[in-house]
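Below is one structure; the comments refer to it alone.
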Amino acid sequence: MAKKSEMRVDIEKLKRLAESLKVKPHVDVGVFASKAARRETDTNAYLAMVHEFGSPKHGLPPRSMLRTPIADHAQQIMASVKGQAGQLVKEKGAKSLWEKAGIAAEKVVIGAFDTGGYGKWAPTKVRTTFGKLKGSMKKRLRTFYDVMHGKVGMGILVDTGQLKRSFSSRVRMAFR
């Protein structure tokens with residue numbers, strides 16, 4: 001009798017696996033409504049869009065934090081689940097596999113902020129850098145000198161960190 005119940009558990013797991021494979025996963029990475037609010041007037045979602053595509057009207061070059069980094073690091077993202085896919089699907093279902101891939105994609109986006117788009121973002125203009133400086137004129141000039149000579153960094157798109165922290169991922173499973 002014990003063997004029948006063991007087989008039943010295996011069959012139930014197999015049924016759950018079969019059901020989870022009937023759906024098509026959608027992994028979304030971006031700024032969602034729950035994290036779009038900002039202390040200023042614009043939302044993080046709007047600012048992400050403006051910087052992703054650029055704004056010639058405002059003299060902003062495109063600085064892709066989503067499309068280019070995720071495309072460039074797609075193999076790295078998928079490698080994060082490679083070798084674990086079978087185990088994850090078997091234990092927790094297909095959705096957990098895609099959630100792990102979404103988290104890996106989030107890390108790539110954060111890496112874009114930390115590395116200036118993996119070295120692909122246009123540098124900030126001198127006027128922009130100077131505008132970020134605070135304090136007395138003497139302190140501003142000293143900081144400006146340090147920035148221009150690479151002694152101090154003033155990262156692109158990381159003044160307050162609000163935009164960087166607003167990115168997340170979600171998985172939606174749609175039936176085929």
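The values are calculated or read from the model by the stated rules, or taken from the named source; none is laboratory data. Note that the structure is a prediction, hence the values are computed from the model and not measured. Positions of Cβ are generated from backbone atoms using ideal geometry, with glycine treated the same way; all protein chains shown enter the neighbour counts.
Residue 49 - would you say it is part of a helix (DSSP H, G or I), at pLDDT 80 or above, of a type outside the set (Asp, Glu) and out of contact with any Ser or Thr (no Cβ under 9 Å at 6 or more places or on another chain)? Judged against the criteria, residue 49 is a match. When only residues in segment 74-122 that are touching a Gly at 6+ places or on another chain (Cβ under 8 Å) and not in a helix (DSSP H, G or I) count, which is surrounded by the fewest Cβ atoms within 10 Å (Cβ to Cβ)? Among those that are touching a Gly at 6+ places or on another chain (Cβ under 8 Å) and not in a helix (DSSP H, G or I), it is 118. Could you say whether any residue in segment 80-96 is modelled with pLDDT of 90 or more and out of contact with any Pro (no Cβ under 9 Å at 6 or more places or on another chain)? No; the residues of segment 80-96 include none that is modelled with pLDDT of 90 or more and out of contact with any Pro (no Cβ under 9 Å at 6 or more places or on another chain). Residue 64 passes every criterion in (1) among the polar types (S, T, N, Q); (2) assigned to a loop (DSSP other than H, G, I, E, B); (3) surrounded by 11 or more Cβ atoms within 10 Å (Cβ to Cβ); (4) modelled with pLDDT under 90 apart from (4). Within segment 98-107, can one find any residue that is farther than 23 Å from residue 163 by Cβ and not acidic (Asp, Glu)? Checked against the condition, which is being farther than 23 Å from residue 163 by Cβ and not acidic (Asp, Glu), segment 98-107 yields at least one hit.
The residue list 13, 35 contains one member that is surrounded by 12 or more Cβ atoms within 10 Å (Cβ to Cβ), modelled with pLDDT under 80 and within 15 Å of the chain's Cα centre (by Cα), which is 35. Is it the case that some residue within segment 147-162 is modelled with pLDDT of 85 or more and out of contact with any Asp or Glu (no Cβ under 7 Å at 6 or more places or on another chain)? No: zero hits.
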